[in-house]
Every structure is written in structure tokens, then in C-alpha cells.
Amino acid sequence: MTITTAAIPALWRLARIEFDPVRQQRVLLYPEGVVLLNDTGGAILELCDGQRSIAEIASVLGERYHCDVTADVLEYLSQLIERELVRVH
Amino acid sequence: MTPGDTSYPTTLLAELTYRCPLHCPYCSNPLRMTGARDEMTTAEWKRVLSEARDLGVLQLGLSGGEPLARPDVEELAAHARSLGLYTTLVTSGVGFTRERARKLRDGGLEHVQISLQDSDEKTADLVAGIKVVGQKMAAAAIVRELGFVFSVNVVLHRANIDRVAEIIELAARLGADRLELANTQYYGWALENRRALMPTAEQVAAAADVAEKATLVHKGRMQILYVLPDYYESYPKPCYAGWGKHYLVVVPDGRTLPCHGATQITTLRFDSVRDRSLHWIWQQSPAFVAFRGDEWMQEPCRSCSRKAVDFGGCRCQAFALTGDATATDPVCTLSPKRSIIDTAIREAAGSPSYRYRYISLQKAEAH
């Protein structure tokens, strides 16, 4: 499945993001699984609210980092969509 | 934990008790199980959970035996939640009453996994060695009603694998979010019953085909995880992504293992959280250090490019089948001992006659 920037991503309803004080980083927890998130990954996932499109998420982060991150955001989310940890509609 | 060669563990399996009302002949528990009087207390388990979180553990499985055989599961689950752990109750469903389920939910338990033996009630009860299908169905309804994340786990073997389509339909009908179809792994009681449990190559191929198609049909509603039958694979399974790397198990009497099958390796001694901190055990205990990295490997593993993929396979299986825990897992087609696996496949035949799981030494044979 090819994902476009118009897609609206949301975390799988069974997954949640936590801050892990031991590792000092954000983690994605879901039934019997863990994804350790780097700063960029965490920033992307926190914007996946089921309202914003991928283009809008990239735009928010682009302003924050002062560069075009669209391709990176699309690639990152595509991987998590493939693993069913992020769903799109 | 200080940074170093060892990574942080992510997952703890807490086997609270070996007591269980079911007698499944494929149980991965050891043949010699400790009874209730050797089990750790509530206070000891709470300390273990706290130490696990400090060590980096994020995922907790409350398992057994049947964890609900202990009256303090609710307290332990609530403690786990207060630490920020994501907790799964791994249960047969027996004892999962509405009252206990409410307490578990109110304490913050998120995920309940119920085991089913079969879609066919008669065979299910025959495998469990007890009539419990009704209680399991009632438990599943309570899981849904109270809004837990719900997984169904079914161990596949010769007597149920032909009904994998019906099993998938049953899990969907019960409203499972996830379904684990786990081909039997031959440890503990399952190794004892291997001849009776092993499916044929034709059965395995047909089931894999059904599961693959069903995965697409149910995508987005019920996630299907299909655990491969490793005897029929060409390469071994990667042991929890490496021995002592992400995973640890604490058994009822406090001994701590890198894998739930590890007590089979009789050449290792496992330290207990009753004598040592979990931190020390993870970082320094001889059993955890034994197979970290690749120094311990023999040929053909040592010079093999796949050693970074599957770490030489399962240490427990290597020991159980070859008597040498540093040997290549004989499932691997590169292993000089692969014939052990091929012989086991060939010898599996006839109608199942199980040796049922019991804590005492008593034996029971199927009809």
C-alpha cells in the first residue's frame, strides 16, 4: 500500500506513548511490544491525532526544524503503518 | 543501570505460580514444578516488579501456571501499573470472574490473553484434561464487556491444526483484538509429548496458507500472529533477539532465567531474586552472561553470517536435543545434528496419547 501525504494517521488504538525515565526517551507501548522512539520519531507520533494529515504534520515539524521534512515523515510513518502500529484513514 | 555492554531488558515474564487447573500436554513449564509453598510472597513479587522497572523493563506478563490461582494478582497488577509497566495477564480464563476482572481493570491492567485449546469443544477439553470451555467463553465475554485489550492464544498441534480456519472464526466471534496461533514449541511437557503433538508437513503447509489468507481478511480488526513450527523451518528461531538481551523470566520460587525454557539447561545454575538483586542477576549472573555475544559459539555458527540474525538459534533446544548448550540449534539445516529433527518429524505418527501436565509425579494417559 502506498501512503500519500493526504493520509490522516492515528496511533493504533491499542498503542500508547510513554516517557521512560530509565532510558530518558519516549517509548511506544502496545500488547507485547515496545518501540523505543528517538526525538524525531516521538515528535512525529505525538502529532498523529487522527485529525492532521501527513502533510500537516510535516508542515508543523518543518516550521519547528526550519527545513522540509515531508519525505522523512512520510517514510517514518510508512514503516509504522506497515507494522500496523499506525492506522490511516 | 549504568551503560555498558548489556542493554536494558524490555520484557519480564513473571511466572507467579505453577499451579493450574488445566493439564495441557504442550505446556512449556518444566516437568518438575515447585508447589505453592515455594512460591514468592506478594511483597517479594512487588519488589521484583519495582526492580524490573528500574532496570528498564516496560512490558510485563503475569503468567504461570494459572496466575489467577494466586489471590494477589490484582495487587500485583495495580503495582505494575503504578510503575508504568504495560501489563498482560496470561490466563486460561478459569477464575476470571467479573468481580476479579473489575478489580484488575480498576487497578490498571490493560491486556488480557486467554488461551483456547480448540474450536471443537470435545477436543479442547480432551487436550486441557478438564472441562473448562464454558468458563473460557464466559471469561472472554467479561474481557470484552470491561474493555480490556483482548488477545486469544491457541497452541497448534496435530489434533487441532486442521481446524485453524474455525479457530480463527471463533477468536473473531469472541471479539479478540489479537490472535496468536502458536505452533507447539517443544520444551518441557511439549517435548515429553512431541510424538503425539507433532503435525505432518502437509498439515503445517495447509494451516500456514489458511492463516496467511485470514491475516488479510481480518486486517484492521483482529491482528493474527502466526508462530512458525520451527522443526519445519530451515533456520532456527532467534532466541528473543539474543540471550540475555531484552527478556527475562522469574519463576515461582524466584529463580531468574533468560528464557522460560532455560531450566532445561541443567549445566547452568540460576540465581534467585531472593538472594540477589534483579540488577545483579541481569548484568553479572553466570547464567545470563553464558551466551551473550558470540564467543561461546562453535562451528558452523562461529563463522556463519546468520549468527547476527538468529544467534545460533535456541540454547534450550540445543541442550535438550544435543546435550550441549553451545551447539548449533539442530533445527538449522547447517547443523551437523539436523538429523535429530528429521527423525523426530518422521517418528511422529499415530493417534495422540498424551502425558498430561501435573505438578506431582503422578501420570495420566489419555483414553
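The values are calculated or read from the model by the stated rules, or taken from the named source; none is laboratory data. Please read these numbers as outputs of a predicted model, since none were measured by experiment. Because the Cβ atoms are built from the backbone with ideal geometry, glycine has one as well, and the counts that use them run over all protein chains shown.
With the structure loaded, tell me whether A:Glu84 is under 28 Å from B:Asp177 (Cα atoms), surrounded by fewer than 19 Cβ atoms within 10 Å (Cβ to Cβ) and within 11 Å of chain B (Cβ to nearest Cβ) or whether it fails that test. Walk me through how you get there before you give the answer.
Details: under 28 Å from B:Asp177 (Cα atoms): yes; surrounded by fewer than 19 Cβ atoms within 10 Å (Cβ to Cβ): yes; within 11 Å of chain B (Cβ to nearest Cβ): yes.
Yes: the conditions hold for A:Glu84.
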ask   = Can you tell me which of A:Ile44, A:Ile81, A:Ile17 is without any contact (Cβ under 8 Å) to a residue 60 or more places away in the chain and in a helix (DSSP H, G or I)?
value = A:Ile44
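Go over the candidates A:Gly62, A:Gly50 one by one and state the one that is over 21 Å from B:Gly56 (Cβ atoms) and in contact with an Asp or Glu (Cβ under 7 Å, 6 or more places away or on another chain). Talk me through it step by step, then tell me what you get.
Working: A:Gly50 fails: in contact with an Asp or Glu (Cβ under 7 Å, 6 or more places away or on another chain).
Result: A:Gly62 is the single residue among A:Gly62, A:Gly50 that is over 21 Å from B:Gly56 (Cβ atoms) and in contact with an Asp or Glu (Cβ under 7 Å, 6 or more places away or on another chain).
Run down B:Met222, B:Met198 and say which single residue is touching a residue at least 40 places away in the same chain (Cβ under 8 Å), in contact with an Asp or Glu (Cβ under 9 Å, 6 or more places away or on another chain) and farther than 26 Å from B:Leu58 by Cβ.
Numbers: B:Met222 fails: farther than 26 Å from B:Leu58 by Cβ.
That would be B:Met198, the only listed residue that is touching a residue at least 40 places away in the same chain (Cβ under 8 Å), in contact with an Asp or Glu (Cβ under 9 Å, 6 or more places away or on another chain) and farther than 26 Å from B:Leu58 by Cβ.
A quick yes/no check of all residues on (1) in contact (Cβ under 8 Å) with a residue 40 or more places away in the chain; (2) of a type in the set (Phe, Trp, Tyr); (3) farther than 25 Å from B:Ala171 by Cα; (4) in contact with an Asp or Glu (Cβ under 6 Å, 6 or more places away or on another chain):
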| position | (1), (2), (3), (4) |
| --- | --- |
| B:Glu66 | yes, no, no, no |
| B:Pro71 | no, no, yes, no |
| B:Glu75 | no, no, yes, no |
| B:Arg81 | no, no, yes, no |
| B:Ser92 | yes, no, no, yes |
| B:Phe96 | yes, yes, no, no |
| B:Arg105 | yes, no, no, no |
| B:Ile114 | no, no, no, no |
query = Mind checking whether some residue in the stretch A:36-52 is within 14 Å of chain B (Cβ to nearest Cβ) and within 28 Å of B:Leu109 (Cβ to Cβ)?
reply = yes
message = Any residue that is away from every other protein chain (no Cβ under 14 Å), surrounded by fewer than 19 Cβ atoms within 10 Å (Cβ to Cβ), part of a loop (DSSP other than H, G, I, E, B) and in contact with a Lys or Arg (Cβ under 9 Å, 6 or more places away or on another chain) - is there at least one of those in the stretch B:74-85?
response = no
ask   = If you check B:Leu181 against the conditions, is it touching a residue at least 40 places away in the same chain (Cβ under 8 Å) and either over 21 Å from B:Ile224 (Cβ atoms) or assigned to a strand (DSSP E or B) (or both)?
value = yes
inquiry  = Among the residues of the stretch B:135-148, are any closer than 30 Å to B:Ile340 by Cβ, polar (S, T, N, Q) and modelled with pLDDT of 95 or more?
reply    = no
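If you go through the stretch B:120-161 one residue at a time, how many are part of a helix (DSSP H, G or I) and in contact with a His (Cβ under 7 Å, 6 or more places away or on another chain)? Show your work before the answer.
Kept after step one, since they are part of a helix (DSSP H, G or I), are these residues of the stretch B:120-161: B:121-128, B:133-145, B:161.
Now narrow it down to the ones that are in contact with a His (Cβ under 7 Å, 6 or more places away or on another chain): B:128.
Here the count works out to 1.
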Residue selected from the stretch B:217-255 under the condition out of contact with any strand residue (DSSP E or B) (no Cβ under 7 Å at 6 or more places or on another chain) and among the basic types (Lys, Arg), by the criterion surrounded by the most Cβ atoms within 10 Å (Cβ to Cβ) = B:Lys245
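Somewhere in the stretch B:106-113, is a residue at negative phi, more than 14 Å from every other protein chain (Cβ to nearest Cβ) and either buried (at least 24 other Cβ atoms within 10 Å of the Cβ) or modelled with pLDDT of 95 or more (or both)?
For the stretch B:106-113, residues at negative phi, more than 14 Å from every other protein chain (Cβ to nearest Cβ) and either buried (at least 24 other Cβ atoms within 10 Å of the Cβ) or modelled with pLDDT of 95 or more (or both): present.
From the list B:Asp342, B:Asp294, B:Asp310, B:Asp324, exactly one residue is at pLDDT 95 or above and of a type outside the set (A, V, I, L, M). Which is it?
Values: B:Asp342 fails: at pLDDT 95 or above; B:Asp294 fails: at pLDDT 95 or above; B:Asp310 fails: at pLDDT 95 or above.
That would be B:Asp324, the only listed residue that is at pLDDT 95 or above and of a type outside the set (A, V, I, L, M).
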